[in-house]
Amino acid sequence: MADTYLVVNCGSSSVKLALYDDQASTLIATALAENLGFDKARLRIAFPRESTEDLAVDAGHQQAIETCISRFRESGWLEGDPAGIGHRVVHGGERFRASVLIEPTVVRAIEECAALAPLHNPANLTGIHQLSRIFPRTPQVAVFDTAFHQSLPEHAFLYALPYRLYQDEGVRRYGFHGTSHRYILQQLAADLDKPESETSLISAHLGNGCSICAIRDGQSVDTSMGLTPLEGLVMGTRSGDIDPGLFDFLAAKGIEARETHRMLNRESGLLGISGHTNDMRELTRLDEQGDQGASRAIEVFCFRLARYIGAMLASVNCPDALVFTGGIGENSAIVRARTLSHLQGLGFDLDAQANNTHGRDSAGEIQLSGSRMIKVIRTNEELVIARDTHHLTVNETSSVSPATRAHGR
Ligand code: ADP
């Protein structure tokens with residue numbers, strides 16, 4: 001069998017693997033292991049044929065990855081070693097503006113960035129170490145969620161805080177979901193038959209996590225997530241923007257900052273407002289049945305999103321398109337319609353019929369004639385990681401960029 005490229009996304013208690021062909025363009029197989037380190041760890045092969053199996057009670061990343069590789073081999077999807085392995089890495093700080101071949105210095109830099117993403121970067125490093133043990137000869141590549149946003153101008157990435165917090169501690173907006181926003185840019189440019197460097201858009205990635213990005217002439221110039229993936233839009237369980245005065249207000253009532261932070265990350269967003277669930281599909285169903293909590297949650301979600309779309313027009317005045325992506329963006333005609341109902345007068349005029357017929361499997365334009373373009377595009381972060389891995393391992397050149405600033409981090 002020809003070379004293959006393996007894409008690895010290691011979360012704190014999950015691992016997703018995707019195997020691509022020798023051109024990193026065609027998907028061969030995908031697998032997902034969940035609940036690692038807990039009672040009911042399971043491995044699910046999702047493509048090309050479905051199967052599930054229980055893993056040992058205390059199965060961790062190592063066992064999950066090894067079992068998955070064995071299944072890929074037994075099925076004949078993977079022969080020998082992969083030609084390259086690409087890892088999703090959440091935080092690259094200011095160190096990485098692009099994907100890089102993983103060398104010891106890169107591992108150290110990812111460790112240093114762990115202070116900025118304490119839940120994510122250590123899990124990503126676990127994956128890197130595991131895979132280098134299993135495939136010691138295979139080059140590995142790190143693809144950072146933050147890298148695409150390193151083009152943000154200072155006025156977009158600085159918070160109005162004492163400047164020393166940026167200089168000494170690296171407190172700034174970094175932005176996340178960069179791999180998805182970059183994929184949307186690539187797809188839109190291809191659809192419009194324009195170079196990426198001449199393509200401008202507003203990309204709304206709406207999944208369990210949600211973020212929006214203004215892309216001007218192929219570069220990210222503003223985005224809604226910040227120092228951490230908590231800021232910005234309403235998300236499944238995350239609050240997005242709040243008044244930071246909340247911390248003091250709740251502290252006076254005996255709720256400590258740590259607890260407030262947990263609440264903002266895990267009990268807020270769609271789940272918190274609705275009181276039911278973080279799942280937009282379920283909320284839509286409940287809303288149709290007249291549930292007030294669900295209706296409230298959807299309305300806050302859509303209004304916040306509309307505000308941010310308006311705000312992104314400050315950075316990209318004439319976008320080629322507004323693009324909806326992610327599980328909610330691709331599938332929820334209701335969210336798209338309710339969001340855009342707040343933006344009449346800004347040139348986004350939705351075609352209700354096209355909005356109802358386009359979705360994940362029939363991406364396309366959903367605006368009325370005369371409107372700014374509005375599109376649904378299905379995102380594919382794994383494919384971007386596979387392509388970057390192919391590119392970097394075939395060329396065997398590292399594009400590590402020097403630290404732009406000595407932050408002592
Ligand atoms: P993740 O960010 O974990 O990758 P996804 O991008 O898959 O998540 O998005 C998950 C969200 O998409 C969930 O809120 C889910 O309910 C929502 N979703 C999926 N399908 C639909 C649908 N048909 N209608 C509304 N929401 C949907």
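The values are calculated or read from the model by the stated rules, or taken from the named source; none is laboratory data. No experiment lies behind these values; they were computed from the predicted model shown. Every residue, glycine among them, receives a Cβ derived from its backbone with ideal geometry; neighbour counts consider all protein chains shown.
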May I ask you to list pairs of residues, at least six apart or on different chains, whose Cβ atoms are under 8 Å apart, with the first in the stretch 212-237 being within 21 Å of M280 (Cα to Cα) and without any contact (Cβ under 8 Å) to a residue 60 or more places away in the chain and the second being in a loop (DSSP other than H, G, I, E, B) and of a type in the set (S, T, Y)?
-> M225/Y174; L230/S239; E231/S224; T237/S268
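Taking into account only those residues within the stretch 243-273 that are buried (at least 17 other Cβ atoms within 10 Å of the Cβ) and farther than 17 Å from G327 by Cβ, which is farthest from the ligand (Cβ to nearest atom)?
First, the residues of the stretch 243-273 that are buried (at least 17 other Cβ atoms within 10 Å of the Cβ): 260, 264-265, 268-273.
Now restrict to residues that are farther than 17 Å from G327 by Cβ: 260, 264-265, 268, 272-273.
Numbers: T260: 24, L264: 18, N265: 14, S268: 14, G272: 14, I273: 13 Å.
Ranking the qualifying residues of the stretch 243-273, first place goes to T260.
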Under 7 Å by Cβ, and 6 or more places apart or on different chains, what pairs join a residue from the stretch 318-343 that is assigned to a helix (DSSP H, G or I) with one that is near the ligand (Cβ under 8 Å from one of its atoms) and of a type in the set (D, E, K, R)?
-> E330/R360; N331/R360
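Taking the residues in the stretch 327-368 that are among the small types (G, A, S) and closer than 19 Å to R285 by Cα as candidates, determine which candidate is surrounded by the most Cβ atoms within 10 Å (Cβ to Cβ).
First, the residues of the stretch 327-368 that are among the small types (G, A, S): 327, 329, 332-333, 337, 341, 345, 347, 352, 354, 359, 362-364.
Next, from what is left, pick out any that are closer than 19 Å to R285 by Cα: 327, 329, 332-333, 337, 359.
Numbers: G327: 18, G329: 29, S332: 24, A333: 19, A337: 15, G359: 19.
Only one residue fits best here, namely G329.
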Scan of the stretch 19-49 for residues that are of a type in the set (S, T, Y), in contact (Cβ under 8 Å) with a residue 40 or more places away in the chain and not in a strand (DSSP E or B), ordered by number | S25
Scan of the stretch 40-92 for residues that are surrounded by fewer than 21 Cβ atoms within 10 Å (Cβ to Cβ) and either on the phi > 0 side of the Ramachandran plot or in contact with a Gly (Cβ under 6 Å, 6 or more places away or on another chain) (or both), ordered by number = G60, G76, G80
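Let me confirm something: among E111, E50, which residue is at pLDDT below 95 and among the acidic types (D, E)?
None of the others qualify; the one that does is E50.
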All conditions in (1) within 24 Å of V143 (Cβ to Cβ); (2) hydrophobic (A, V, I, L, M, F, W, C); (3) over 23 Å from the mean Cα position of the chain (by Cα) are true of I385 except (3)
Contact list, first residue from the stretch 355-376 and assigned to a strand (DSSP E or B), second anywhere and acidic (D, E), beta-carbon distance below 7 Å, six or more apart or interchain, is Q367/D349; Q367/D351; I374/E365; K375/E365; V376/E330
Filter result for I309 (buried (at least 17 other Cβ atoms within 10 Å of the Cβ) and more than 14 Å from the ligand (Cβ to nearest atom)) = yes
Restricted to the stretch 337-368, and to residues that are hydroxyl-bearing (S, T, Y) and modelled with pLDDT of 95 or more, which residue is nearest to the chain's Cα centre (by Cα)?
-> T339
Are any of the residues in the stretch 274-282 surrounded by 17 or more Cβ atoms within 10 Å (Cβ to Cβ) and either more than 12 Å from the ligand (Cβ to nearest atom) or among the small types (G, A, S) (or both)?
-> yes
Odd one out for L201, checked against (1) away from the ligand (no atom under 16 Å from the Cβ); (2) surrounded by fewer than 24 Cβ atoms within 10 Å (Cβ to Cβ); (3) not charged (D, E, K, R) | (2)
